[in-house]
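See structure below.
The values are calculated or read from the model by the stated rules, or taken from the named source; none is laboratory data. Fair warning: this is a prediction, and the values are worked out from it, not measured in the lab. So basically every Cβ, Gly included, is an ideal-geometry build from the backbone, and we count neighbours across all protein chains shown.
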C-alpha cells in the first residue's frame, strides 16, 4: 500500500461542503418581505386591524387553561395556582416580547418558522416549522376534546341527556370516536373557508362571549368565596407551584397566533407587536382573576381534574343548575374560538413553508375569490379532526407544550441574531434590555422543558426524527433557494 497517497477521507469533498451550506442557507429578510402575500395563484388579502389581530391571539389562547386544565393544575399547587399562572405567564412574556419585535420586522405569515429561517438557516427553520405543525395541529385536537366536555355539560343541563361515551370519547378513554371534537374542527374549517375577514369577525364575536362568560363566573362565584379556602396557600410547596406552572404553560399557547397573520394585517409593523403583547396581558389578568375566585369558592382538595371544573363550581356555589348551564354555553362558544384561531394559524404557517418549497405547493394555493389557502385548510382540518376524534387529551397537551417551548426558545435567539445581522432594519417594536430579556426568555423555556417527563421527550424526539426524514427526502431538494437567481442571505448586515 502506498502510504504517501492521499486518503479518500483526508479532506471533505466539495459535495459535502455544498450540502452543509444548503443546511445553513438563510432566506434574506428583504426577500421575505417582498414575497409576503404571494401564494400559488394569488395574494392573501390585508384586511385585519389591531383589534382583530388581538382577538385572534386571545381567541387562540383564552379558554384552554381555564376551561380545560385548571382542574388538573389546582391539585398540584393548591391555592397557589394563581402564582403558577403568573409564573407560566412570565415564561410566555419574555418570548412574547421577542415575537413582537420579529413580527414587526418580518411581517409575514410564517411566524417563528420564518424568523428562524431568516436568522439561523434552512435546517433550523424546518425544525421549527415541524414543531409548529405539532404545536398548532395538536392544540386544535386537544382543545376540541375539551370542547366536547362542555357540550355534554350543556346538554345535560338543558335537555337532561348527554352524548353516549362511545361517540364522545376516543379509544383508550372508553369510547370509539369523539364525534363532538370532530364536529367543532369541521365548523372552524367552514368559517375559515369563507375568508380571513369573515372568520376574524366570527372569532371576535366568540372572544367577546368568552370574556363575558369568565367575568360572569367571577361575579357569581365570588359570592361563595371563603377566606379559609386560601390557607394553607401553598400546601405542596415550591415544587407544586412549579409543576402546576409547567402544566399551565399549555394555557398560554396561542399568544403568537397574531404573528401568523402578518400578511393579512393592514399595518403589520405597528399592529402585530401591539396585538401580541396586549393579548398576553389580557389573558394573564383574566386567568389569575378566575383562578383566585375558583380556589376561594371551592376547597382545592375538591378539584378532581375534570375538564368542566368551572361549571361545577358555579353549581356548587349557587345550588342551581342555571348558572352552570349558562357558563357551559359560554365555554362551548369560547373553546370553539380557540379551535378556529389555532386552525387559522396552522394553515398560514404551512402556507409559508409551502411557498418556500419545503412542503408541497398545494398548501400555498390561494383561492381567487376568498383569498384563502383553501386546499391547505381542507387538508389541515381533516388531519386535526381525525386526531381529535381518536387521541386522548392528556398526552396531547404535553406534546404541544414541548414543541411550543422549543419554538419559543429559538425565537428568543433569533431576536439577538437579527439585531446583529440587520441592525438598521425597520422595526415596529424593540425588545427592551436586549439581549437580557431574550436570554431570560430562552432560560425560562429550557427550564420548563426540563420539567416535562421522559415519555414526552421521547415522543418529541420521534417527531423530530420524522421531520428530519421528511426534510432530507423532500424539503432540501424542493427548496426555492435551489432555483437560479434566488440566492441565500448574505452574511453582511443590511442597511
Practice item. Specify the residue that is surrounded by the fewest Cβ atoms within 10 Å (Cβ to Cβ); the eligible residues are those in region 253-278 that are modelled with pLDDT under 90 and touching a strand residue (DSSP E or B) at 6+ places or on another chain (Cβ under 7 Å). Key: 266
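Conditions (1) buried (at least 22 other Cβ atoms within 10 Å of the Cβ); (2) at pLDDT 90 or above; (3) under 23 Å from residue 130 (Cβ atoms), marked per residue:
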position	(1), (2), (3)
347	yes, yes, yes
351	yes, yes, yes
357	no, yes, yes
371	no, no, no
381	yes, yes, yes
405	yes, no, yes
426	no, no, no
456	no, no, yes
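Filter region 388-397 down to the residues that are at pLDDT 65 or above and assigned to a helix (DSSP H, G or I) and list them by number. Break it down stepwise before answering.
If we filter region 388-397 for residues that are at pLDDT 65 or above, which is where we start, we get 388-392.
Across region 388-397, the qualifying residues are 388, 389, 390.
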Practice item. Would you kindly identify the helices (runs of 4 or more DSSP H) lying entirely within region 79-177 that contain at least 2 residues that are at pLDDT 90 or above? Key: 81-105, 111-120, 122-158
**Study point:** residue 34, sole failed condition from (1) farther than 24 Å from residue 277 by Cβ; (2) assigned to a helix (DSSP H, G or I); (3) in contact with a helix residue (DSSP H, G or I) (Cβ under 8 Å, 6 or more places away or on another chain); (4) modelled with pLDDT under 80
**Key:** (3)
Review point. Is at least one residue of region 233-245 in contact (Cβ under 8 Å) with a residue 60 or more places away in the chain and either over 26 Å from residue 448 (Cα atoms) or under 15 Å from the mean Cα position of the chain (by Cα) (or both)?
Key: no
Exercise for review: Output the number of the condition that residue 180 fails; it satisfies all remaining conditions of (1) farther than 22 Å from residue 250 by Cα; (2) touching a helix residue (DSSP H, G or I) at 6+ places or on another chain (Cβ under 7 Å).
Suggested key: (1)
